[in-house]
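Novice: Take this structure first; my questions come after.
Where a number appears in this text, it was derived from the coordinates with a stated rule and is not lab data. What you see is a predicted model, and the numbers here were worked out from it, not measured in a lab. Don't worry about glycine lacking a Cβ; one is built from the backbone with ideal geometry, like all the others, and counts go over all protein chains shown.
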Amino acid sequence: MIEGAKWRRWIFFYIPLCAFIFTLLFPFYWMLVTAVRPDSELYRPWSAPNYAPFWTSHPTLDHITYLLQETLFSTWMLNTLLISIAATLISLFCGLLAGYALSRLKFRFAGMLGTAIFITYLVPQTLLFIPLADIIRNFRLGDTPWALILTYPTFLIPFCTWLLMGYFKAIPRELEECARIDGAARWQAMLYIIFPIAVPGILSAGIFAFTLSWNEFIYALVFLSSPAEKTVSVGVTSELIRGDVFYWGSLMAGALLGSIPVAFVYSFFVEYYVAGLTGAVKG
Amino acid sequence: MAPVVIRNLNKTFDGVHAVKDVNLEINDKEFVVLVGPSGCGKTTTLRMVAGLESITSGEILIGDKIVNELPPMDRDIAMVFQNYALYPHMNVYDNMAFGLKMRRFGRAEIDARVKAAAEILGIQAQLQRKPRQLSGGQRQRVALGRAIVRHPKLFLFDEPLSNLDAKLRVQMRVEIKKIHARLGTTAIYVTHDQVEAMTLGDRVVVMRDGVVQQVGEPLELYNAPANRFVAGFIGSPAMNFATVTIAADANGLLWANNEGIHIKLPAEVAGRLRKHVGEHVTLGIRPEDLRVASSRDPADVAFDAMVEVVEKLGSEILLDVKVGPSTMAAAVEPTVRAKVRDQLRLAVNPDRLYFFDGPSQAAI
């Protein structure tokens, strides 16, 4: 907390805080207001005398109804959910084992391997999708959820591995040594001692992985083509932008509804997730 | 309960030779303390016994079995760590029961053992608490309890009291001693605190730079240190050292001389020092063997000293004094009235002098 005079607190704390909150929340407000605004208002020229971009006096559910009834939005949601959960689980499983091994086991090239995994995370997806598209075609996985379930881990596993590696390193080694003397094999010490303590780290890795797969765009755009297979991010943009016509109302409704699950997951696990990022192991 | 034998034990870490040819035989039910300054290899030795570090060369036997390749879980040992290493996500009961669960003990047996250990340690009221809700002393008790419930062949302690405050440390030291007397389990205890080593150990192993300096009962180390290092390490305040020259006078009597000291050596001591006549050797005097000279003390066991610091401890007074070129500590009677810059005459019991060979530092 900022100490001192009231004006100092306002200038250095409250005003920046409000500006920050406003900047973060405004896009959501914009999505909401656009989603419920009738077309007549949406396409009104800015020079019109009754132009009011930040408010509507005739809210309507037309765009949302259109989105849910005339497009495959619910299918896209389901696809995204399935793909995200599957990709997250796979990545978390691999990341847990890899992160544990890299942080705890002494083997040759352990340090180099850790760096190499990190470097693969730095390869931009916009380059990686070209060779991946070839692989997907060879395995005849194109246009199936597997195309994404198997490709998302290419960037999620390095990410989870690194996050968990850092977390495992912060857990005192003695805990595990003590468990091993107490009669636990290495895998039991890992399962009963290290993983339960690492729950905040595991949850934050999971939340991040889930969000990254939920929001992923380029792989979904390239590997999926039939409307019934698409994810929300691709479905909304490809089906509601037709040529140069933007269905702004439904687009924003799709964006708003599409961000609800992520917001839900975050708010549910927020405490773990903060502890996971700050790496606090309470002894 | 088992004897432990360590034969020619060596450990190298990335080219650093941390433990060098350690040989040690620990009897059944014995309490052995490894003591030495940090980095002397004592903890590494303990961790090799525990199976937490691989052995570069040599052998470790627990009972009559070579355990070199045995994983820690199969060695039937229990270890208490410096930072307690309590499992933070489990309550006290589960912390203590974990080792038993891993070894597939029955629920009733686990319950009985945990409750019995909790009673010995006086932590029955805390069984349902999480480690973070406990004080340092309570945590250490839980860590002890976790070791006790297992009824292992061997207890290993890795500086278990170092994180406690001075008063609690003394209290827990007594407690550990009592528990050992009661259970009779063989124990190896690592500490850098020589007071802990002296009070706890049936035998004490002094280590330095990976090499065992001396193994012996506490008073043996105190009264007959094998070399200058052991002499300086055991005893508090530490032994005073001064370089002296051994000289023989016309009557064949030996004297230890330097700028401030001129002491006649008794016949028994002189016998050992005869072949060092004319050489520089290190003279060691324990602070508690120094006293303020009275008129009864002969002149040839006393020397002049100037007081530099006076520390009044109540039961005694510690004086830091300048004797010739060197500084010495003297633990004198609390009735002594000494002030800074006072000139005193200090006397020493000539039978309580220690001599160490110049180059090798070994006791003469």
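Novice: Taking the Cβ of B:LYS11 as the centre, find all other residues whose Cβ is under 14 Å away and add up their charges (Lys, Arg: +1; Asp, Glu: -1).
Specialist: Net charge in that neighbourhood comes out at -1.
Novice: Go through region B:93-174 and name the trypsin sites (Lys or Arg not before Pro) that are in a DSSP coil and have 10 or fewer other Cβ atoms within 10 Å of their Cβ.
Specialist: B:ARG104
Novice: I'd like the mean, over residues of A:168-179, of how many other protein chain beta carbons sit within 10 Å of each residue's own Cβ.
Specialist: For this peptide, the per-residue mean of nearby foreign Cβ atoms is 5.
Novice: Compute the longest continuous run of chain A that contains no exposed chymotrypsin sites (Phe, Trp or Tyr not before Pro); treat a site as exposed when its DSSP state is not H, G, I, E or B and it has at most 16 other Cβ atoms within 10 Å.
Specialist: Here the longest segment lacking exposed loop sites spans A:140-216.
Novice: Give me the base-10 log of I(q)/I(0) for chain A at each q in 0.09, 0.12 Å⁻¹, Debye formula, one uniform scatterer per Cα, rounded to two decimals.
Specialist: Evaluating at q = 0.09, 0.12 Å⁻¹ gives log10 I(q)/I(0) of -0.60, -0.94.
Novice: Compute, for chain A, the length of the dipole vector about the Cα centre, with Cβ point charges of +1 (Lys, Arg) and -1 (Asp, Glu) only. Units Debye, rounded to 20.
Specialist: In total the dipole reaches around 880 debye.
Novice: How large are Rg and Dmax for region B:173-295 when calculated on the C-alpha trace, in angstrom?
Specialist: When restricted to Cα atoms, region B:173-295 yields Rg and Dmax of 18.5, 62 Å.
Novice: Calculated from DSSP H runs of 4 or more alone, at -39500 (n - 2.57) each and per residue, what is the 222 nm mean residue ellipticity of chain B, nearest 500?
Specialist: My calculation for chain B gives -7500 deg cm²/dmol from helical runs alone.
Novice: How would you classify chain B from its alpha-carbon gyration tensor, with a ≥ b ≥ c the square roots of the eigenvalues: rounded for a/c under 1.5, else prolate if a/b is greater than b/c, otherwise oblate?
Specialist: Verdict is prolate for chain B.
Novice: Could you calculate, for region B:112-207, the ratio of the Cα radius of gyration to the Kirkwood radius, expressed as Rg to Rh?
Specialist: 0.95
Novice: At 25 °C and 0.890 mPa s, what whole-number value in µm²/s does Stokes-Einstein give for the translational diffusion of the protein assembly as shown, with Rh from the Kirkwood sum over Cα pairs?
Specialist: D, rounded to a whole number, is 78 µm²/s.
Novice: Quick one: putting +1 on the C-beta of Lys and Arg, -1 on the C-beta of Asp and Glu, what dipole do you get for the protein assembly as shown around its Cα centre, in Debye to the nearest 20?
Specialist: 780 debye
Novice: In region B:262-328, what trypsin sites (Lys or Arg not before Pro) fall in a loop by DSSP, with at most 14 other Cβ atoms inside 10 Å?
Specialist: Sites meeting the loop and neighbour criteria: B:ARG296.
Novice: Averaged over peptide B:86-96, how many Cβ atoms belonging to another chain are found within 10 Å of each residue's Cβ?
Specialist: 4
Novice: Summing +1 for each Lys or Arg and -1 for each Asp or Glu, what net charge is found among the other residues whose Cβ lies under 15 Å from the Cβ of A:LEU141?
Specialist: Every neighbour counted, the sum reads -1.
Novice: A further question on this structure: Pick out, from A:PHE159, A:LEU105, B:ILE188, the residue whose Cα sits farthest towards the positive end of the charge dipole of the protein assembly as shown, with +1 on the Cβ of Lys and Arg and -1 on the Cβ of Asp and Glu.
Specialist: Farthest towards the positive end: B:ILE188.
Novice: Could you state the angle between the C-alpha long axis of helix A:199-215 and the longest principal axis of the C-alpha atoms of chain A, as a value from 0 to 90 degrees rounded to the nearest 10?
Specialist: Once rounded, one gets 40 degrees.
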